[in-house]
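The values are calculated or read from the model by the stated rules, or taken from the named source; none is laboratory data. The model shown is predicted, which means the values in this text are computed figures rather than measured ones. Cβ sites come from the backbone with ideal geometry, for glycine too, and all protein chains shown count toward neighbours. Quick note on the areas: whole protein, heavy atoms, side chains included, nothing else; ligands and nucleic acids left out. Shrake-Rupley method; radii C 1.70, N 1.55, O 1.52, S 1.80 Å.
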Amino acid sequence: MSGSSVLFDAPGPRARRLSTILSWVSGVLVLGAVAWGIMVLNAPRESGGITLPGMFDPSRWDILADPEFWNFVIFTGVWNTLRAALVAAVLAVALGVVLSLLRSSPIGWIRIPTAVLIEFFRGMPVLLMMLFILLVAGTGQYWAVVAALAVYNGALIGEALRAGLVALPRGQREAALSVGMRPLQSKMLVEFPQAFRQMLPIIVAQLVVLLKDTSLGYIVGYQELLRVTLNNLGSFYGNRYLFTLWCVAFILYLAMNLSLSWFARWLGRRGDHRYHPGKAGPAPDDPSQALLVADAKAAARESESATRL
Amino acid sequence: MDVVIANLPLYLEGFAVTLLLLGVSGLGALVLGTIIAAMRISPIATLRGIATVYTEIIRNTPLTLVVLFSVVIVPLLGARVPFLLSGFIALAVYTSPFVAEALRSGINGVPIGQAEAARSLGLGFGQSVALVIFPQAFRMTIPPLINVFIALAKNTSVVGGVGFVTELFGVGRTLANAHGNAVIAILIGVAFFYLVVTVPLGFLATQLERKWVVQR
C-alpha cells in the first residue's frame, strides 16, 4: 500500500487550501520551536555569579579555526573510527560466510551448535562483548572493538546469508546436482553466489549499523571519533568547548553514516531491478527487520518442504 | 562462579534497572514513534518532511552520541536532570524512528485493494484507516516491534556504560573490576540475563512473523 493517496480523496480547492495553510502553520511552528531552542542555547547564563557566554558565542567556536584541531579530529578520530569499521566489516563478512555455510550444513553435529552460537551472539549487547574481549583476552582496545563488532555482525550476516540460501528456488540445487555436481560444489558454485547477491543490500545496511557501533569504543576506551572529540579535546580545551565538540562529532558521524546508508539504498534499488524485474521492494533501512522477514520466509519454506517429503 | 552467586542480589538489582529502562523508554518510544509514523502518512507536506528529516537524522546518529548528549551536554546547559531520566529520554528518542518505521512498514504491508475497497464503500480517511487498514496493519507490526524492543533491551547497556546508571552492564563492569580473577564467570552471568530477555523475544518474533508470512 505504498500509494497512500488512495486513503483520501483527490483534494479539491478547499481541501488543498486547508492543507497548504496547515503546512505553513506547522512549518512556522516548527521553525519557531527551532528558533526558540537556538535563542535559549545562545542566551548567556549566570552560574555562581559568573556570566557564561551563550552556546553560539564566538569564544566557544574559535577552536574550529585551529588547523591542529582538525588535524587531530580527522587523522586520529575519524581515521581510527574508519579503520576499526573497515577491518571489522571485512572480518564480519568473512565470518558471516563461514557461519552461513556451517549453519546450513546437512550434518546435525555442525548445524545445531552453529545455530546455538549464532543465537548466543545475536542476543548479547555488543558492548558486553567488547568488555569481555578487553578484559578476558587482554587484546587492547582496538582489537576488542574490532573483534566484538566482527563477531556480532558476523552472526547477523551469517543468519541473513543462510536465509538467502534457504529462500533460493529448489530447482537451482536440483539442476546443479543433475548436471553431476557434488552437493558441496552445488552449494559453493551455484547456490551461495546467488544468495550472497540477494542478501547484499541487507549486508551493506548491517555495515552501516557496524559503523555506528564503533562509537561504543568510547566506553571501552578506544580512541575513536567520539573519545577524541569529547574526551581528549574536551579535557584539553576545557568544558567550555564541550557543546562545540559534540556538534563536530555529530556532523562528522552524520556525514559518514548518511553517505553509507545512501549507498546501501542505491544498492538495494539497483539489485531489485536487476534480479527481480518489476518487483522492486523497498530497500532495507533497518537490517534487523529485513532479516526478520528473510528468516521467517526461510523457516516457512523449510517447514513447507518438510511436510512435502 | 561463586562470585556470581554471592552477588546475585546485585545482579537482580541491575536486571531490574535494565527492565525499567526497557519498559519506560519502550513506552516513550512507542508514543513518539506513533506520532512520527502518523506524521509520515499525513496529507500535510510539512509534517511529512519534518518526520522524514527527524527519522534520517536520528537513525544515522550513534546511540552513544545521543546518550552523551543527554548525560553530558544537557546538564552543561543548566538543566538538572537525574541520570536515569536522561537515560529514558535518550533511549526513547533513539528508538522512536525505528518504531515509526516498523509501524509504517506494517501499514505499507496491507494490500492496496483493502484501502481501495474501503474507499469505494464510501469510508473517509479516518474510517478507512481506523476500521480497515489499522486492524490489519497492527498484526503485521507486532513482529517488527518485538524486534525493535530486542534491540532496545541490548541498547540499555550503553546507558549503563556511558552514564552513571547501575544497570546490568554497570553491575558487570563494577564486579569485573573488583574481582579480577573471575571476570569470565561475572560477564557470562551478565550475558545470561540479557539472553533471558532477548532470545525468547527473538523466537516469539520469528514464530509470529512465520505465521504471518504463511498467511500471506
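How many residues are under 13 Å from A:LEU216 (Cα atoms), facing chain B (nearest Cβ under 7 Å) and not in a loop (DSSP other than H, G, I, E, B) when one looks only at segment A:118-145? Looking only at that region, the number is 3.
For segment B:104-115, a tally of residues being assigned to a helix (DSSP H, G or I) and surrounded by 15 or more Cβ atoms within 10 Å (Cβ to Cβ) returns 8. Would you pick out the residues in segment B:80-100 that are in contact with a helix residue (DSSP H, G or I) (Cβ under 6 Å, 6 or more places away or on another chain) and charged (D, E, K, R)? Once the filter is applied, which keeps residues that are in contact with a helix residue (DSSP H, G or I) (Cβ under 6 Å, 6 or more places away or on another chain) and charged (D, E, K, R), segment B:80-100 yields nothing.
Among the residues making up segment B:172-204, those that are within 18 Å of B:GLY23 (Cβ to Cβ) and either under 16 Å from the mean Cα position of the chain (by Cα) or of a type outside the set (Phe, Trp, Tyr) (or both) are B:TYR194, B:VAL196, B:VAL197, B:THR198, B:PRO200, B:LEU201, B:LEU204.
Return the residues of segment B:205-216 that are open to solvent by 30 Å² or more (accessible area, probe 1.4 Å), touching a Pro at 6+ places or on another chain (Cβ under 8 Å) and within 21 Å of B:GLY26 (Cβ to Cβ); say none if nothing qualifies. Those that are open to solvent by 30 Å² or more (accessible area, probe 1.4 Å), touching a Pro at 6+ places or on another chain (Cβ under 8 Å) and within 21 Å of B:GLY26 (Cβ to Cβ): B:THR206, B:LEU208.
As a summary of the residue check, A:CYS247 satisfies the conditions (1) modelled with pLDDT of 90 or more; (2) within 16 Å of A:VAL73 (Cβ to Cβ); (3) crowded, with 23+ Cβ neighbours inside 10 Å except for the one numbered (3). Here is the figure for segment A:99-120: residues that are closer than 25 Å to B:ALA185 by Cβ, crowded, with 21+ Cβ neighbours inside 10 Å and not β-branched (Val, Ile, Thr) total 0. What's the number of the condition B:SER157 fails, among (1) at the interface with chain A (Cβ under 9 Å from one of its Cβ atoms); (2) modelled with pLDDT of 90 or more; (3) open to solvent by 10 Å² or more (accessible area, probe 1.4 Å)? With respect to (1) at the interface with chain A (Cβ under 9 Å from one of its Cβ atoms); (2) modelled with pLDDT of 90 or more; (3) open to solvent by 10 Å² or more (accessible area, probe 1.4 Å), B:SER157 is out only on (3). Residues in segment A:226-241 that are in contact with a Leu (Cβ under 6 Å, 6 or more places away or on another chain) and not hydroxyl-bearing (Ser, Thr, Tyr): 3 in all. Here the condition is being open to solvent by 30 Å² or more (accessible area, probe 1.4 Å) and modelled with pLDDT of 90 or more; of B:LEU63, B:LEU20, B:LEU47, it holds for B:LEU20 alone.
Condition check ((1) within 30 Å of A:ASP57 (Cβ to Cβ); (2) out of contact with any strand residue (DSSP E or B) (no Cβ under 8 Å at 6 or more places or on another chain); (3) open to solvent by less than 30 Å² (accessible area, probe 1.4 Å); (4) in contact (Cβ under 8 Å) with a residue 40 or more places away in the chain) across all residues:
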| site | (1), (2), (3), (4) |
| --- | --- |
| A:SER186 | no, yes, yes, no |
| A:LEU200 | no, yes, no, yes |
| A:LEU207 | no, yes, no, yes |
| A:GLN223 | yes, yes, no, yes |
| A:ASN231 | yes, yes, no, no |
| A:GLY238 | yes, yes, yes, no |
| A:ALA255 | yes, yes, no, no |
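Go through segment A:283-309 residue by residue and tally those that are within 7 Å of another protein chain (Cβ to nearest Cβ) and either assigned to a helix (DSSP H, G or I) or at pLDDT 75 or above (or both).
Residues of segment A:283-309 within 7 Å of another protein chain (Cβ to nearest Cβ): A:285-286, A:288-289, A:292-293, A:295-297, A:299-300.
After this cut, where a residue has to be either assigned to a helix (DSSP H, G or I) or at pLDDT 75 or above (or both) as well, the list is A:286, A:288-289, A:292-293, A:295-297, A:299-300.
Qualifying residue count, segment A:283-309: 10.
Selection of segment A:79-94 for residues being open to solvent by 50 Å² or more (accessible area, probe 1.4 Å) and either touching a Lys or Arg at 6+ places or on another chain (Cβ under 7 Å) or within 15 Å of A:ASN257 (Cβ to Cβ) (or both) yields A:LEU82, A:LEU86. All of B:PHE125, B:PHE169, B:PHE164 fail the test of being facing chain A (nearest Cβ under 10 Å) and either at pLDDT 90 or above or within 27 Å of the chain's Cα centre (by Cα) (or both), apart from B:PHE169. Restricting attention to segment B:67-122, the residues that are over 21 Å from the mean Cα position of the chain (by Cα) and among the aliphatic types (A, V, I, L, M) total 13.
The criterion of at least 1 residues that are acidic (Asp, Glu) is met, among helices (runs of 4 or more DSSP H) falling completely within segment B:1-79, by B:2-6, B:8-41, B:45-59.
Scanning for something touching a residue at least 12 places away in the same chain (Cβ under 8 Å), buried (at least 24 other Cβ atoms within 10 Å of the Cβ), more than 15 Å from the chain's Cα centre (by Cα) and away from chain B (no Cβ under 13 Å), does segment A:164-171 turn up at least one residue? Checked segment A:164-171: at least one residue is touching a residue at least 12 places away in the same chain (Cβ under 8 Å), buried (at least 24 other Cβ atoms within 10 Å of the Cβ), more than 15 Å from the chain's Cα centre (by Cα) and away from chain B (no Cβ under 13 Å). Residues in segment B:160-192 that are aromatic (Phe, Trp, Tyr) and surrounded by fewer than 19 Cβ atoms within 10 Å (Cβ to Cβ): B:PHE164, B:PHE192.
Conditions (1) of a type in the set (Gly, Ala, Ser); (2) free of Cβ contacts under 8 Å to residues at least 24 places away in the same chain; (3) over 27 Å from A:LEU260 (Cα atoms), marked per residue:
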residue: A:SER104; (1), (2), (3): yes, no, yes
residue: A:ALA137; (1), (2), (3): yes, yes, yes
residue: A:TYR142; (1), (2), (3): no, no, no
residue: A:ALA150; (1), (2), (3): yes, no, no
residue: A:LEU156; (1), (2), (3): no, no, no
residue: A:GLU159; (1), (2), (3): no, no, no
residue: A:ALA175; (1), (2), (3): yes, yes, yes
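Taking B:ARG40 as the residue in question, decide whether it is within 19 Å of A:VAL30 (Cα to Cα), within 12 Å of chain A (Cβ to nearest Cβ) and buried (at least 18 other Cβ atoms within 10 Å of the Cβ). In short, yes. With respect to A:THR20, determine if the residue is exposed (fewer than 15 other Cβ atoms within 10 Å of the Cβ) and either in a helix (DSSP H, G or I) or more than 10 Å from chain B (Cβ to nearest Cβ) (or both). Yes, satisfied. Looking at segment B:5-23, is at least one residue within 25 Å of A:VAL30 (Cα to Cα) and more than 12 Å from chain A (Cβ to nearest Cβ)? No, because not a single residue in segment B:5-23 is within 25 Å of A:VAL30 (Cα to Cα) and more than 12 Å from chain A (Cβ to nearest Cβ).
For segment B:71-122, the candidate set comprises residues that are among the β-branched types (Val, Ile, Thr) and free of Cβ contacts under 8 Å to residues at least 12 places away in the same chain; within that set, the residue that is farthest from the other protein chains (Cβ to nearest Cβ) is B:VAL81.
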